[in-house]
Amino acid sequence: MTEKNVISGMWWMLTVRGIVLLVLGIMMFMLGRGVTMLALIQVMGAYWIVGGCFDLFEGVVGRSERSRIWAIIGALFSMVAGVFVIGHPIISGLIASIYLIYFMGIAAVVAGVAQIIVGQGKKRSLGGLVMGIFSVIFGMIVIFNPLMTQAVILLVLPFWAVITGVAALLSAFRMRQVEQANRD
């Protein structure tokens, strides 16, 4: 059995992930922000555990030797993180939101400064300079308004979950077609 056949035979894992993401997205749309945040933390912990199990299975069964080790290591980290998150949802939520907000802000500032500096060379781009300035401003807004940033993230996450879930289901459907074509 070729590697392509093994991977296409795992379409059902992607289907499960897609369904979980769709349920998560719909749940976030229906619940309030506080309940959504706590539910999101719990579901993400469970998602990491289940996803880690799938990744572990895929790492053991379906990858090349070089990437197999990294898939297994990533799966184990995912499962440990999921157990911690489920066991300590409030601490996990605080740590994750603070880390995410400041990471996003610092990354935006650094990327913006890099765009501005790159724009000072011979081929100066007005678009690059403007994007760099906007990126720095965005990063500063994120850093100095963590509550607003968290509220925006809570508004965006349901859309992300639904879109990603649909994409996963479409990919699983395509993998299923490849598997059926390989059988014929």
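The values are calculated or read from the model by the stated rules, or taken from the named source; none is laboratory data. It should be emphasised that the depicted structure is a prediction, and the values quoted were computed from it without experimental measurement. Note that each Cβ is placed from the backbone with ideal geometry, even for glycine, and that neighbours are counted across all protein chains shown.
Of all residues in segment 13-44, exactly one satisfies the criterion of being among the basic types (Lys, Arg) and surrounded by fewer than 16 Cβ atoms within 10 Å (Cβ to Cβ), namely Arg33.
Candidates in segment 106-129 are the residues that are modelled with pLDDT of 85 or more and of a type outside the set (Gly, Ala, Ser); of these, the one that is farthest from Phe144 (Cα to Cα) is Val113.
For segment 167-184, a tally of residues being modelled with pLDDT under 80 and either touching a Gly at 6+ places or on another chain (Cβ under 6 Å) or of a type in the set (Phe, Trp, Tyr) (or both) returns 1. Residues of segment 34-59 that are at pLDDT 85 or above and of a type in the set (Val, Ile, Thr): Ile49, Val50. Of all residues in segment 87-107, exactly one satisfies the criterion of being surrounded by 18 or more Cβ atoms within 10 Å (Cβ to Cβ) and over 18 Å from the mean Cα position of the chain (by Cα), namely Pro89.
Of all residues in segment 140-166, those that are over 16 Å from the mean Cα position of the chain (by Cα) and modelled with pLDDT of 90 or more total 4.
Candidates in segment 45-86 are the residues that are more than 22 Å from Trp11 (Cβ to Cβ) and touching a residue at least 40 places away in the same chain (Cβ under 8 Å); of these, the one that is surrounded by the fewest Cβ atoms within 10 Å (Cβ to Cβ) is Ile86.
From the list Gly82, Gly62, which one is in contact with a Gly (Cβ under 9 Å, 6 or more places away or on another chain) and modelled with pLDDT under 85? Spell out the reasoning first.
Working: Gly82 fails: modelled with pLDDT under 85.
Matching residue, one of Gly82, Gly62: Gly62.
Taking the stated definitions as given, is Arg174 under 30 Å from Leu14 (Cβ atoms), surrounded by 13 or more Cβ atoms within 10 Å (Cβ to Cβ), among the basic types (Lys, Arg) and more than 20 Å from the chain's Cα centre (by Cα)? Taking the combined requirement at face value, the residue satisfies it.
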